[in-house]
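Asks: Dropping the structure in here first, questions after.
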Amino acid sequence: RAPPPPPPSPPPPSPPPSPPPFPPPTPPPPEEDCSKVCMYVAAYPNQGAPYLLHPGNAGPEFFQFNYDNRKEYTSVSNILPNNQYGTTQHPSDIADAAVTEKGVRTGTGWVDQVFDVEEGSGVGSGDELGSGGLDPFAASVNRLPTNYLAQMAAGHHWGRGVCEVVSLCDPDELDGAPCTGVNGERGYCFERTGGNEFESKMVCGRMLSLNNEYYQRPIALENPDHFYPGQTGPYRCPRHAEVTELGQVEVVRLLIGGCMDPTDTVYYDSMAEVHIPSMCGKTYGAGVSLKGCMFTDALNHDNSARTPGKCLYRVNGCTNSSAVNYNSEASDDDGSCIYTVRGCTIKNSETSYAGVASDTPNYQIKYYGSALRGVGKIDVNDAEYPNDSWNGYPMVTNYNPAANVLEGCIVAVEGCMDSTAVNYDPYATINTNSWCIPVREGCMMPTRDSAKFTYDNPSLHDRQGLASATSYDPLATVHVKSMCVVEYLGCLSTTALNYDSRATVDAGDCWEPKRGCLDDAAINYGCIAGGASRCSENLSGPGRLTIHEARLCSYVAPPPPSPPRPPADAGSSGTKYTSEIEYSLTSEPPANYTTTMKNKVAATANVNADDVDVIITAPSTRRARALQSTQVWRVLIIVTSSSSATAERVSGDLQSAAGDTWETSSTFLAVDPADLNQLPVYRTLTIEIYAPFAPPSPPSDDVNVGAVVGGVIGGLIVIILVAVIIWLVLKKRKAKQNVQPAY
């Protein structure tokens with residue numbers, strides 16, 4: 001936006017300065033070591049902070065480093081340049097200016113702070129740039145302690161102006177902070193040069209007018225003491241301006257950047273001296289032909305240029321663009337051109353290690369890694385391979401001694417070049433030995449005996465290992481996982497109680513089913529039949545007992561032999577074979593329990609239901625109360641068979657169906673596990689049935705009555721003793737009905 005009509009120019013200082021000679025003299029050439037020629041351009045002077053304009057991707061030249069507030073920048077490894085000698089903070093840790101606009105302070109400018117130059121509005125925080133497609137521009141604070149003004153004043157990229165110093169600022173105040181003079185004049189604090197060391201370097205001032213270096217472009221500036229809508233001032237005086245006293249003084253300033261496209265009626269800036277296309281509107285700026293070399297000592301200096309372009313200086317060198325050493329900055333060809341020969345320039349000799357210390361690890365060492373099991377790295381030395389000494393080992397395969405431009409080298413990579421081999425290397429370019437290994441599929445997991453001596457079985461029980469001896473192939477070169485059988489020791493017999501379906505190697509410790517008495521309180525502990533002594537041979541080894549059979553246990557010595565059978569004419573006799581299940585319940589079974597079990601047992605044992613009897617004995621309430629015990633219903637199931645073999649089969653079928661656990665027995669007996677008072681006891685009995693004897697003949701008169709009476713009494717005593725022994729055996733058996741194997 002163009003400023004309002006300027007007021008009358010202020011009176012010139014007294015005495016007026018002498019005009020410079022015209023045309024201006026040629027500035028001295030840059031120093032011998034100068035690699036860059038810089039032009040520093042300022043943003044609008046109505047911005048309080050002294051901003052510099054530069055390309056948006058300026059990088060380290062303007063301290064544009066990636067910053068992470070979690071990083072410790074005082075650490076030596078993290079130090080970044082910050083234009084502050086002897087300090088190690090990151091640039092963002094240093095406040096360098098006060099951000100103000102139209103006399104109002106809006107923030108703080110930090111050393112590494114960069115603002116995008118917005119469309120036509122100077123400096124701000126928005127992200128919209130003008131002239132889409134143009135190189136973006138940004139603004140940074142004119143940093144301490146660099147005096148860019150002095151650098152520009154040494155050449156011709158500067159302008160003039162009149163600065164009015166109205167008061168002093170606090171020495172600790174930041175450049176650009178709003179300030180007020182003794183008479184209410186509004187301005188900005190700025191750092192001056194000049195004056196003595198006891199005076200404050202921060203003074204309050206404002207620019208009254210602008211002019212160019214040759215006094216040919218005067219512009220009066222509006223600096224109101226009171227703000228009103230639409231005002232543009234006050235304007236700041238340049239940082240590092242030479243000021244020694246209060247009042248008006250002519251100062252040197254940086255050139256002002258802005259939009260110089262006159263067709264942009266919105267953002268055209270009449271004060272701009274350097275054209276910044278991105279400060280114009282979106283459709284303006286690019287079409288203005290103002291770019292050129294603005295440095296007067298360059299060969300291609302363009303006096304009309306207002307946007308810096310490439311400058312050319314008198315430089316000797318190669319001017320042929322097709323040469324290897326072409327110098328785009330050269331103006332005079334000195335015959336030094338070297339023309340391009342492209343190829344591989346890496347030599348195949350010890351000089352390939354030029355500049356490498358001889359004590360460097362693997363210096364001039366050759367080795368290869370074998371894919372064979374247990375081989376690994378193999379050093380290639382002259383003793384083993386006399387025809388393959390170091391000098392004969394190439395670095396590349398296509399060295400071109402005539403080439404001067406490195407291109408297309410094929411690095412010598414030793415390896416197997418046979419695509420069918422196990423160790424085929426697609427990157428290999430030479431194969432000077434028999435490195436290739438043929439394919440042989442197999443299990444490459446070693447057995448525990450073939451493993452390294454430090455191998456430690458990781459399983460807690462030491463029953464799992466590596467590959468089994470039958471599956472490991474020591475000659476295999478390609479591992480096939482499916483061909484390995486991992487060693488897992490266990491029982492492989494499917495009929496054994498400890499059969500392990502995961503086992504792959506027989507451990508020789510199978511426990512085959514074998515029934516017997518395993519109650520160590522029984523007198524026939526370890527036996528497979530009744531008896532009066534223990535059977536220790538059945539308690540260990542392959543033939544040991546594994547299933548406890550309670551009915552085979554004896555707890556008292558067997559009774560004396562039964563009296564001889566009566567003579568044949570004493571009456572006819574018969575034999576009854578039964579299979580019995582006896583158990584007890586803590587709750588009364590349902591009314592149909594007898595029928596349920598009768599049918600279930602008949603179906604399980606494959607017998608007629610009429611041959612099954614279910615006898616339920618209710619508890620004696622008086623006896624249970626006297627003993628303060630739980631009431632128990634005793635159940636006796638009797639299956640009558642026609643032969644001993646059938647009875648044995650029936651007992652086996654019933655016991656197999658019921659199992660030997662609480663849960664399986666409860667399921668078979670159709671009761672709740674909580675109601676089952678004890679595991680069932682299974683018995684197979686053979687009962688002899690005798691008919692009554694024929695009545696004896698009347699005694700003769702000569703029979704001894706005393707002898708007869710004594711025989712009768714003795715017989716009764718024997719019968720009573722036998723009855724007592726049977727009662728004790730039954731009582732002991734009931735007390736031992738749930739016995740587990742003891743190992």
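Asks: I'm trying to understand the selection: among the residues of region 613-666, which are among the charged types (D, E, K, R) and at pLDDT below 75?
Replies: Within region 613-666, ARG622, ARG623, ARG625, ASP660, GLU663 meet the criteria.
Asks: Counting just the residues of region 518-539 that are closer than 11 Å to VAL556 by Cα and polar (S, T, N, Q), which one comes out nearest to the chain's Cα centre (by Cα)?
Replies: For region 518-539, the residue satisfying everything is ASN524.
Asks: Residues of region 196-223 being surrounded by 15 or more Cβ atoms within 10 Å (Cβ to Cβ) and among the acidic types (Asp, Glu), which ones?
Replies: The answer is GLU213, GLU222.
Asks: Going through SER501, SER482, SER493 one at a time, which residue ends up being modelled with pLDDT of 85 or more, in a helix (DSSP H, G or I) and farther than 30 Å from ILE717 by Cα?
Replies: SER482
Asks: Every residue in region 184-203 that is of a type in the set (A, V, I, L, M, F, W, C) and under 59 Å from the mean Cα position of the chain (by Cα), please.
Replies: Of everything in region 184-203, those that are of a type in the set (A, V, I, L, M, F, W, C) and under 59 Å from the mean Cα position of the chain (by Cα) turn out to be CYS189, PHE190, MET202, VAL203.
Asks: Would you point out the residue of region 328-344, among those that are open to solvent by 50 Å² or more (accessible area, probe 1.4 Å) and assigned to a loop (DSSP other than H, G, I, E, B), that is nearest to CYS293 (Cα to Cα)?
Replies: By that ranking, first place goes to GLU329.
Asks: State whether one or more residues within region 426-436 are outside any loop (DSSP other than H, G, I, E, B), modelled with pLDDT under 90, of a type outside the set (D, E, K, R) and crowded, with 17+ Cβ neighbours inside 10 Å. Walk me through how you get there before you give the answer.
Replies: Taking region 426-436 and keeping what is outside any loop (DSSP other than H, G, I, E, B), we get 430.
Within this subset, residues satisfying the condition of being modelled with pLDDT under 90 are 430.
This time we only want the ones that are of a type outside the set (D, E, K, R), so: 430.
With crowded, with 17+ Cβ neighbours inside 10 Å added as a condition, the list becomes none.
No, the conditions are met nowhere in region 426-436.
Asks: Next question, about the same structure. Could you check region 237-250 and list, in sequence order, the residues that are assigned to a strand (DSSP E or B) and surrounded by fewer than 22 Cβ atoms within 10 Å (Cβ to Cβ)?
Replies: Those that are assigned to a strand (DSSP E or B) and surrounded by fewer than 22 Cβ atoms within 10 Å (Cβ to Cβ): GLU242, GLY247, GLN248, VAL249, GLU250.
Quick grid of which residues meet (1) at pLDDT 90 or above; (2) not in a loop (DSSP other than H, G, I, E, B):
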| position | (1), (2) |
| --- | --- |
| PRO566 | no, no |
| LYS576 | no, yes |
| SER587 | no, no |
| THR594 | yes, yes |
| LYS600 | yes, yes |
| THR604 | yes, yes |
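Asks: Only one residue in LEU489, LEU518 is within 30 Å of ARG683 (Cβ to Cβ), in contact with a strand residue (DSSP E or B) (Cβ under 6 Å, 6 or more places away or on another chain) and surrounded by 18 or more Cβ atoms within 10 Å (Cβ to Cβ), so which one is that?
Replies: On the way: LEU489 fails: within 30 Å of ARG683 (Cβ to Cβ).
Unique residue meeting the criteria: LEU518.
Asks: Scan region 183-199 for residues that are in a loop (DSSP other than H, G, I, E, B) and under 24 Å from ASN46 (Cβ atoms) and jot them down. Give the steps one after another, and end with the answer.
Replies: Within region 183-199, the subset in a loop (DSSP other than H, G, I, E, B) is 183-185, 194-199.
Scanning region 183-199 gives ASN183, GLY184, GLU185.
Asks: Does LEU730 meet the test of being closer than 30 Å to PRO619 by Cα, exposed (fewer than 11 other Cβ atoms within 10 Å of the Cβ) and at pLDDT below 80?
Replies: yes
Asks: If MET395 meets every condition in (1) touching a helix residue (DSSP H, G or I) at 6+ places or on another chain (Cβ under 8 Å); (2) at pLDDT below 70; (3) surrounded by 14 or more Cβ atoms within 10 Å (Cβ to Cβ) apart from one, which number is that one?
Replies: Of (1) touching a helix residue (DSSP H, G or I) at 6+ places or on another chain (Cβ under 8 Å); (2) at pLDDT below 70; (3) surrounded by 14 or more Cβ atoms within 10 Å (Cβ to Cβ), only one is false for MET395: (2).
Asks: Then there is this: Do the conditions hold for TYR267, that is, is it in contact (Cβ under 8 Å) with a residue 60 or more places away in the chain, touching a Lys or Arg at 6+ places or on another chain (Cβ under 8 Å) and either surrounded by 15 or more Cβ atoms within 10 Å (Cβ to Cβ) or part of a strand (DSSP E or B) (or both)? Spell out the reasoning first.
Replies: Values: in contact (Cβ under 8 Å) with a residue 60 or more places away in the chain: yes; touching a Lys or Arg at 6+ places or on another chain (Cβ under 8 Å): yes; either surrounded by 15 or more Cβ atoms within 10 Å (Cβ to Cβ) or part of a strand (DSSP E or B) (or both): yes.
The answer is yes for TYR267.
Asks: Shifting gears a bit: Could you please let me know if LYS366 is surrounded by 15 or more Cβ atoms within 10 Å (Cβ to Cβ) and at pLDDT below 80? Break it down stepwise before answering.
Replies: Details: surrounded by 15 or more Cβ atoms within 10 Å (Cβ to Cβ): yes; at pLDDT below 80: yes.
Yes, satisfied.
Asks: Scan region 143-157 and report the pairs whose first residue is among the charged types (D, E, K, R) and whose second residue is at pLDDT 70 or above and outside any helix (DSSP H, G or I), with Cβ atoms within less than 8 Å and a gap of 6+ or a chain change.
Replies: Every condition considered, the pairs that remain are ARG143/ASP96.
Asks: Taking GLN216, is it more than 59 Å from the chain's Cα centre (by Cα) and without any contact (Cβ under 8 Å) to a residue 12 or more places away in the chain?
Replies: yes
Asks: Among the numbered criteria (1) in contact (Cβ under 8 Å) with a residue 60 or more places away in the chain; (2) open to solvent by 60 Å² or more (accessible area, probe 1.4 Å), which one does CYS311 miss?
Replies: Checking CYS311 against (1) in contact (Cβ under 8 Å) with a residue 60 or more places away in the chain; (2) open to solvent by 60 Å² or more (accessible area, probe 1.4 Å), the one that fails is (2).
The values are calculated or read from the model by the stated rules, or taken from the named source; none is laboratory data. These numbers were taken from a predicted model, which means no experiment stands behind them. Here Cβ is always computed from backbone atoms with ideal geometry, including for glycine, and neighbour counts include all displayed protein chains. Side chains are part of the model used for accessible areas, which takes the heavy atoms of the whole protein and leaves out ligands, DNA and RNA. Shrake-Rupley method; radii C 1.70, N 1.55, O 1.52, S 1.80 Å.
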